[in-house]
Each structure stands twice: as C-alpha cells, then as structure tokens.
Number of protein chains: 2
Amino acid sequence: MTASMKLPARASAKPVTAADFDIETDIVVVGGGAGGLASALFARWEGNEVVLLEKAPELGGTTRKAAFWYWVPNNKAMQALGIADPKPDCIRYMARLARPERYVAGHPTFGLDPWEYAMCEAFYDNASTATELLAEKGALEYRHCPDVPDYWAEFGEDKAPKGRVLLPKGAKDSMSDGGEVAIRTMSATARRHGIEIRTGMRVQRLTRGDDGAVNGVQASDIDGRLTTVRARKAVIFASGGFTHDAEMRRNFLAAPVFGGCAAVSNEGDFVRIGAAAGGQLRNMNYAWMCPIVLEKALNRDPGLIGTFSPSGDSMIYVDRQGRRVTNEKLAYNESAQAFFQWDAAKGEYPNLVLFAIWDQRSQDHSASDEYGRFIVPPGADDAHVVKADTLEGLSVGIAERLARHADNIGGLGLSADFAASLGATIDRFNGFAESGRDLDFRRGERPVEQLFNGPVAEPAGKNPTMYPIAKSGPFYAALLSGGNLDTKGGPKTSPQGQVLDDEDQPIPGLYGVGNCVASASARAYWAGGGTLGPILAYAYLAARRAHLEPIKTAVGKIAAE
Amino acid sequence: MTASMKLPARASAKPVTAADFDIETDIVVVGGGAGGLASALFARWEGNEVVLLEKAPELGGTTRKAAFWYWVPNNKAMQALGIADPKPDCIRYMARLARPERYVAGHPTFGLDPWEYAMCEAFYDNASTATELLAEKGALEYRHCPDVPDYWAEFGEDKAPKGRVLLPKGAKDSMSDGGEVAIRTMSATARRHGIEIRTGMRVQRLTRGDDGAVNGVQASDIDGRLTTVRARKAVIFASGGFTHDAEMRRNFLAAPVFGGCAAVSNEGDFVRIGAAAGGQLRNMNYAWMCPIVLEKALNRDPGLIGTFSPSGDSMIYVDRQGRRVTNEKLAYNESAQAFFQWDAAKGEYPNLVLFAIWDQRSQDHSASDEYGRFIVPPGADDAHVVKADTLEGLSVGIAERLARHADNIGGLGLSADFAASLGATIDRFNGFAESGRDLDFRRGERPVEQLFNGPVAEPAGKNPTMYPIAKSGPFYAALLSGGNLDTKGGPKTSPQGQVLDDEDQPIPGLYGVGNCVASASARAYWAGGGTLGPILAYAYLAARRAHLEPIKTAVGKIAAE
C-alpha cells in the first residue's frame, strides 16, 4: 500500500431498494483484514457461498501492518501448561480496565453495563474455540507466547498475567510480522476454500428488500462502476474504524489526535452505512491509542506504524520547555494520554507535541525498523529525525520542524530556554539512570515497560530502561504526538454480531465485527492482541449466526417502514 | 419540576409514513426551552401557524434552571457605548477556544473547519438581530451587563472582553434568575401571539411523505396515546442534549461524568430521531462542562444546578489524599476537567471525586442558594454537606459518604493519612492566602475567577478569593465531581438549522437548534451566555429558513429512497 494508492470515491450511504443484482451469494463480507477474512472463513465452513469485498487494491487492511499478537483467554495452550484462567477473574480484569470509574470487584457485572458484560463473556467463551478452528483448518496456525505479560500484569485482578497471547506460526522471532503471515495464510485458505474475493470494491450502501431486511450491498470501483451484490442471508461488515476521516476524529474521539496507523482505507464507512440503516453508535469516544511520529501522521504516510516500542535507554521525552512530563515506557495506549493533558488556566494542550531525545548510544544499539520505533537504523527512512552536534543545534532543528507544521499544530513552539532546560533535565534523568530509580515517573518499574523497552547496549543500566544520556553529541530528536492504531466505535452489535437498532433489536441481515463496530473494551487495552483476540471470537460468532439467517427477498418495492 | 415527574416512555425513533394526521400546522417546534420558544416565536412572526410540543408537564426545559445570561457579539448596547467588536476578532477568539490544537491566528478560518467557521460567522452576524427582535416584540427584553467579562477576558485574542453579555430585564440584581424571567415572558408572548402549546407530549419519531421529506411528527403522552402532527413546512427540534441518557454519556462524552444539570427530560431524543432520519452526528465528544455536587447527581436530583460559583475564600478542593490538585476558582467549564485526570500508570481517575472543604467563616459569609453553590444557607437543602468539629471527624464523615456510593464511583476511598495531609494542605494554603499569591495554582489571578468568587466576609484577603482556613472547627465538606450543564452534540445542521445528511445536503423539512444539535463551539465555553446567545441566533435563522420551505405532501405510500 503506497501513498499514491487511490480508493474508490465515497458516495451516499443511504440504503436503497435494488431490483437487479449483478452477483448473488449467501453472505457478503465487507473488508479484507483479519476480521473480514475470519468471518468469511467461518461462514464458508458452515457451507455458505461467500463473497468478500475489499476497498483497497489488496487484502490485508490494518492487519497487514500489525504484529498480530492475539489475546485469547483460557486458550488451549494455557490449559496444556496448567495455567488457570477462570472466567469471572478474566472478566473482572477486563472490567477493571474498561470502566475504571465504575469498576466494583464484587458487583455482579463488575460495574459493566449488561451489554458490555455480555460482550466480554462471549469473547471469553468463544475466543479459544474460534482460534482452534482457524488453526485446525490451516488458516491461522499459532505458536503460544507463554512469557508475554498482559499490559497490567501487576494488577491483583489479573489472575493469568501471562499465557493468553498467541502469535501466527511462522512469524519471526521478534514477533513483529504476524500480520503479514496471518493475511497470507488466511487469504490462501479463503481462496482454496472457494471464497470469492474482489478487491478495489468500495461498499457504499446497503440494499433492502420488501420487508426492510438487508439483502445486499452496492459497491463501486475506482472508475465509479456500481456493482450490486445480493446477500441471500446476510452482510457482515469488518471494514475498520474511522481513523482516516479527520472530521469524525474531531467530532467523536475523546482526544485531539492527528491521525493513526490504521490502513488508509479506514475511513469510517460503517459508521455512516450502519447509522443510515438505523444502528445505534456506541463507544465512539475511545480508541486504541498509541504515540505516533507526528510528521508521518501529518504527511499521511501509509506506512505509519504506532510507536509500540519507545526504544532507547538513553532516551527521554521532553515538552516544549525541555522538561520530562511522563514515563516514556508506559504501554502505548496509556503513553498516548500524556499528549492530551489540558491546561485549564491557559486554555491549551501544552504537551500536544513532545520530543523524543536520544544520544549515539541509543542510536547505535536501540535502532530498529520494527514496532514503529522512532530510532531507526541506517538506510531506513529517517526523515522524521532531527540530528545535531549540540543541544542548542537540536533545539534549532526541532524549532524548524515545528514552524514547518505550524498550521496543523496550533502554532506550538519551543520556549526560549528549551536547550538550557533540556540540559538540566538530562542531568536529572542521568542521576535516575545511575541509581536505577526514576523518582519523577518511576520508569521501567512495570512488566509491560520492560516488554516494550527494545534492544539496548550491554552492559545495560541497573534499570534496563534507563542509561545516562551522553554529555556530548551527536544528539537526535523526533517529534511525537498522541494518535491511535484505529478507532473502536461504531454501530452496537449483539455478541453474535447482529447490528442493533435504537430499541436494541437486530436489524435483519446486518452484521458487524472488529473496529468498525462498538467495542465493549471502552477505554481498555488489556494486553497485546487485545484487539485481534476479540475480533476473531466475534467473527466466529457473527458468521455462525449469519449462517442461520433466513433467505431474504431479492426484489420488489420498498415496504412501509 | 420534581423528582417524581413522569415523562412519556420512549419508543422507536424509526420514521414512518403517516396517512392520517390528528393536527395540522405549518411548523412544528419540539421543545419548550429557550431554543424552542424562540424558534416558535420567530416562525410565528413570519406568519406561520406553529404548534410547540414539550415532553415535560411544563415549559422551560433547562432554560428555567439557567441564569440566562446571553452572549451577543457586537450587540446594540455595545455599539451605543462605543465598544468595538469586529467580526474577524470575535471569530478569532471563538476559534482560539473551540479548537486550540488547530488555532492559527493568521489562517483564513483560524484553524476551524469550513462548517465550524460558517456556524460561528452566522452566529456573529445574527445574534444581535435576533435578540433585538425578541426585545422589540416584548418576548425577551434585556438589560446590558457591560461589566461582565468573557471567560478568557485576559486573552490577547479577546478584543471586546466586556460588553457582550445581556440578561433578561427584570432578573434580580444577582443575575441568577434570568431563566425564570425569560420563560415567563417568552411563553406569555407565544400564547399571546397564537402559538399552540402542548405539554406532556413526547415526540417519538418523524413522519415522511411520498418524496421522503419530513412532514410531521408522532408524539405520545403519559398514557401512551399517539398524536400525529402534520407540519406543512417543517419540524424544528430544540429538545436539548443527552445529559440524562447514561448510556449515551458513557459512549460519546470525552470524560466520565456522572450526570449534569440539564432538565431531566434531556434524554438525547434528537440524537436518536435525527440519526434515524439520516443526520450526521457531530461534536458528540464535548459538552458544556461544570463541577457538580456528586450526591445530587447520583440521586438524580432534578434541582441539581452546576457549581457555577465555587464560593468561599476559606475554601479549598482536595483529593482523596488530602492534597490540592487544582485552582478551585477556574471557570466551571475548565474546573470540571480537574476531575478527569487519568493516572496512566495506575489505570485510574485519581480525582474522580474531589472534596470541597470550608470553615465557619465561609459558611457564615459565602453561603447562598444561587449559582449552584455547595455552601448553602441555613434552611436550604444541605444533605450533601458533611460537618464535623475536627478534620479527623470530617474525614470520617467523608469516608462514610464514599462508602455509601461505592458502587457508583468505582469504590474510590480516602487514603489513611487524609486528615493529616489535609492539615498540612491547609497550612500551605493559608500561607498563600496571607500573601495573596497561590504559588501552586495561581488562584484568583484571572478576571473570570473573581467573577464567580461569590460573596466573602469583609475585610477580604489581599486576594479576595483566598482567606486562611480556621485552625479549629467546625469544618464542612461536600463531595464534588465533574459533570455537565448539558451536552452539545447531535445532528449537524447548516447555519440555517437544516439537518444535513451524510453528503451534507439538507434533509427537507427537518431543522434543529440548540443543545440537541451539533455545536461549532467544540470544546469552548466562550463566556457567560455562550450557550444561549448562539441558541437565539440559530433559532432566528432556522425559523426564517423553515418559513421558506415548500408545503410537504401529507399522505401516500413511501417513495423509493
């Protein structure tokens, strides 16, 4: 996928009654990432004819860019190792993080609302079944990662802090390319099993029959040609979130993000199509959050990967006044929050852009082109890196970048004493690095922080996430901001993926899975794979429920609504 | 309006084709607060027959609870006094606060998107015209408040920091009862001018004609009887926000609020009805924010008023560890943000509940039953007040309240050393009060902080917002949380109030005004009356545009969509 990738243009999402269909099938799946491919496979394995439509020129969506860890509670490999993961404990952990402001350990639903609880329960009950079936069929074999901790492994609520993470078999040791592997094996299986795949097809709207039931879709290609596809049983959307619709981001998300690393085709299509069909929008405020390299987001770089791993031990983040304001090694979903602090007296977001600063040690030993690291090795695209021999020079370089982007970042600039302040900040940090204890932000004290620390030079510091920053240059910097991987709000569904109308009744024939529908995780990011584990479970449930749908009428005038 | 007030039950918002109407009129207005009454009056003055439907048993909505300051840029009274308020400067001020992360002083739209800019411009251009017309007709006469500052009067962008605020003529000197006055005069004028008003009528859904245009509404009363009202020209919604739909709050708002002080009938009706008609939802993340008394919100007290005025000079807010964490005197929209700070390492909202602490001095001299003050005079409802002779006793009392509400506030409790820490905090604050300078949070340094300081004992401190807290009891406390006045997201409209479909085209016959539709203010609260000033301007524009609508067909089968 490249910057010049063209997508079919957007048109009205208003449902239509179609009298003529170009193609017929049992189940139409919209989207060719993990959610769509899994839905298509599960539907096919129930004996259905399936057509999968993907807007982009190739399959993969956001999944292709992902490491594709997948979080599967009480999975078979855990069971084999004797790692207990009882349902109430697991849901309690999920609730603790999804709705911390309402979490009560002893409450019947742990403070979740009934829908959220039912969704979490369905995930727990079906994730392992779904992933085992994908493995058995050869679509997605896995290796177990028994040493990977959950992102809040230190919580008393987490009774199985390690063992829930699976990874596509065949991914490399660094575990960063699971998405490529998964798309390859899942799409090969889909083709082998007779699923019809059409790329470059943008689903614009639903078609409905006499009875109001959804009976297909209309899609257009890059030349504007319309194809109407009849779905005898159901349409399952798995078309991703609204990361690349800037207007939706501004009007729904809880934080002012500049973008994210979802596939550029994630433009909120199902927010529009699902709402137009009468679906209730839910969880529109939260997203899968992650720091991002600001300039890649502003340039709409389709290769943008979220900063999963803030690598470098001799590396800090500072604000425009040259001060540290956060623990740089927090898990990405939490680290992103530092950028959105609001100064209620000045009426501004003082940390909207932060600056990662590192020295030659980190450049030499912590560079990598994996996990969205901003410290990149020689030969990699380093257009986002500022380099200078002195802190003063670095300040000048940073200020130039800020000026270049002033129109997009509210004119944010450095304070006059940035370089001097940065020097003092480094001195203080270096003291922490020497003692191994960060008295300001407790960097590196939690399991997840070590998980994402990345490679460091040996010997490492007492605390392997910290090492004194050199007294002399060269120094390096990158501009960071808060962003998201993808959003996680959209039409509300039943645990079986049925899109629900404003009275919580299923809209006949309409299903959704993944980031295009409302997630019950609310603000939580439970663990690595907390996105993909649920997606596979819900794809399984949606496909099996869609299989049971009655055959929809194909033609006729619109019925009274 | 009382706690036992019953509202007609909610039913499906799905539009219908109605063949028989019970009532016919030109324009139906939904909602009997300021937005609805103003829309009805402006429509009537254009010569239309108007029916106004209000869900509650009486008119007034949230307006009745409001002080009803109204912010009118470049108003006639300013002009008479020679106070200049040029349009570009005024919109620049609005943009600076609406989208601080994108604000650029020299940008053609100051960083606003084109829709936001057009909405702000339409407000500026029409607010004074609208309010003058209301005054001339005797519906809403005003007195000018030339001494009331905007909430960010100290900003260089604010070229007219005083003079934009009007108040209903006849409101008392304390300026707190403008809403009562406005509802009285506006509804009397509406009746006098022949507007048909029906209360206890909950609009459930729209009706549409052959051509898909909106041609009326269906409403039900407390007994479930359905009335179908034909609107020959248009329906104008002014039915308020979604403050009292807890599920919507959790799934849209940027912050975990426990409620707000909108009329209890503000249940997000138009989010559902407007979306079902194909309207795009916008600005769903932001709200008109305000600290609230936690227990009144949890008890769903219909008399809840937001804490506009955090009165008391010998008064502080502390967290569960007994420490100050914010400037208590910030304007309410900003003060509310302190409660939503996120601790990214602990996974919790540490300030979800804060505790206002005061002594006998503030109790004796700063008590009032106006502006939502939590320090209330003898005889007023003080169920939310904890009183004790010592700080230790106060801690015990606070802890009891927290335990009582544990299931609703995530089990939040006091730290073991709360009382001791509170004592140290008071000592530090008292030093600030003596010097007149708050070295931690700069309390009282901005014009808006003095505006809402409320009455204090004479002689006041050097800084009238601070006075040393007594060394001995009695002490008082109240539990506070962040809340909202009302929400400000909903279907997007044109500046003329036309609800826009997903291609930004007006939905024929459908209009919206006020908190039930998307506000272009985004996160801003520009000044006192920053809610009502725009509402009156947009009501004027919507009513005049609705007047021009063609007559809609009344019956027939549904047309192809």
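Quick check on my filter: what residues within segment A:403-412 are in contact (Cβ under 8 Å) with a residue 24 or more places away in the chain and either exposed (fewer than 15 other Cβ atoms within 10 Å of the Cβ) or touching a strand residue (DSSP E or B) at 6+ places or on another chain (Cβ under 7 Å) (or both)? A:Ile409, A:Leu412 - these are the residues of segment A:403-412 that are in contact (Cβ under 8 Å) with a residue 24 or more places away in the chain and either exposed (fewer than 15 other Cβ atoms within 10 Å of the Cβ) or touching a strand residue (DSSP E or B) at 6+ places or on another chain (Cβ under 7 Å) (or both). Right, A:Lys14: within 14 Å of chain B (Cβ to nearest Cβ) and either surrounded by 21 or more Cβ atoms within 10 Å (Cβ to Cβ) or more than 20 Å from A:Pro534 (Cα to Cα) (or both) or not? So A:Lys14 passes the test.
Of everything in segment A:91-107 that's of a type in the set (A, V, I, L, M, F, W, C) and outside any loop (DSSP other than H, G, I, E, B), which residue is farthest from the other protein chains (Cβ to nearest Cβ)? Ranking the candidates gives A:Ile91 first. Is there any pair linking a residue in segment A:415-433 that is assigned by TED's automatic domain parsing to the domain that holds A:Met466 to one that is open to solvent by 10 Å² or more (accessible area, probe 1.4 Å) and of a type in the set (Asp, Glu), with Cβ under 8 Å and at least six apart or on different chains, and which? Between residues of segment A:415-433 that are assigned by TED's automatic domain parsing to the domain that holds A:Met466 and residues that are open to solvent by 10 Å² or more (accessible area, probe 1.4 Å) and of a type in the set (Asp, Glu), the close pairs are A:Ala419/A:Glu392; A:Arg428/A:Asp440; A:Phe432/A:Asp440. Take B:Asp113 and decide whether it is free of Cβ contacts under 8 Å to residues at least 40 places away in the same chain and open to solvent by less than 20 Å² (accessible area, probe 1.4 Å). Judged against the criteria, B:Asp113 is a match. Among the residues making up segment A:469-504, those that are of a type in the set (Gly, Ala, Ser) and either open to solvent by less than 10 Å² (accessible area, probe 1.4 Å) or assigned to a strand (DSSP E or B) (or both) are A:Ala477, A:Ala478, A:Ser481, A:Gly482, A:Gly483, A:Gly489, A:Gly490, A:Gly497. Only one entry of B:Gly194, B:Gly163, B:Gly179 meets the criterion of being outside the structural domain of B:Val29 (by TED's automatic domain parsing), closer than 29 Å to B:Arg544 by Cβ, in contact (Cβ under 8 Å) with a residue 40 or more places away in the chain and touching a His at 6+ places or on another chain (Cβ under 8 Å), and that entry is B:Gly163.
Scanning segment A:204-214 for residues that are closer than 21 Å to A:Ile551 by Cα, surrounded by 21 or more Cβ atoms within 10 Å (Cβ to Cβ) and in contact with a Ser or Thr (Cβ under 7 Å, 6 or more places away or on another chain) returns A:Arg205, A:Thr207, A:Arg208, A:Gly209. For segment B:118-125, the criterion of being crowded, with 23+ Cβ neighbours inside 10 Å and away from chain A (no Cβ under 14 Å) is met by at least one residue.
For A:Gly32, are the conditions met, namely being of a type in the set (Gly, Ala, Ser), buried (at least 21 other Cβ atoms within 10 Å of the Cβ), within 13 Å of chain B (Cβ to nearest Cβ) and out of contact with any His (no Cβ under 8 Å at 6 or more places or on another chain)? Answer is no for this residue. Among all positions in segment B:76-84, there is no residue which is open to solvent by 50 Å² or more (accessible area, probe 1.4 Å) and either within 22 Å of B:Ser494 (Cα to Cα) or within 11 Å of chain A (Cβ to nearest Cβ) (or both).
Hey, among the residues in segment B:178-203 that are surrounded by 20 or more Cβ atoms within 10 Å (Cβ to Cβ) and part of a loop (DSSP other than H, G, I, E, B), which one's nearest to the chain's Cα centre (by Cα)? By that ranking, first place goes to B:Met201. On inspection, A:Ala433 passes the criterion of being among the small types (Gly, Ala, Ser) and either surrounded by 19 or more Cβ atoms within 10 Å (Cβ to Cβ) or at positive phi (or both).
Taking segment B:241-260 as the range and being facing chain A (nearest Cβ under 9 Å), among the aliphatic types (A, V, I, L, M) and part of a loop (DSSP other than H, G, I, E, B) as the test, the residues that pass are B:Leu253, B:Ala254, B:Ala255. Hey, could you check segment B:215-243 for residues that are β-branched (Val, Ile, Thr) and within 29 Å of the chain's Cα centre (by Cα) and say which is surrounded by the most Cβ atoms within 10 Å (Cβ to Cβ)? If we take residues in segment B:215-243 being β-branched (Val, Ile, Thr) and within 29 Å of the chain's Cα centre (by Cα), then B:Ile236 is surrounded by the most Cβ atoms within 10 Å (Cβ to Cβ).
Among the residues that make up segment A:58-67, is at least one of them polar (S, T, N, Q), more than 14 Å from every other protein chain (Cβ to nearest Cβ) and over 30 Å from A:Ala9 (Cα atoms)? Looking through segment A:58-67, none of the residues is polar (S, T, N, Q), more than 14 Å from every other protein chain (Cβ to nearest Cβ) and over 30 Å from A:Ala9 (Cα atoms).
Within segment B:249-279, being open to solvent by 20 Å² or more (accessible area, probe 1.4 Å) and more than 17 Å from B:Ser239 (Cα to Cα) holds for B:Arg250, B:Ala254, B:Phe258, B:Gly278.
The values are calculated or read from the model by the stated rules, or taken from the named source; none is laboratory data. Being a predicted model, the structure only gives us computed values, none of them experimental. Neighbour counts run over all protein chains shown; Cβ positions are idealised from the backbone, glycine included. When the accessible area is computed, the model is the full protein with side chains, heavy atoms only, and any ligands, DNA or RNA have been set aside. Shrake-Rupley method; radii C 1.70, N 1.55, O 1.52, S 1.80 Å.
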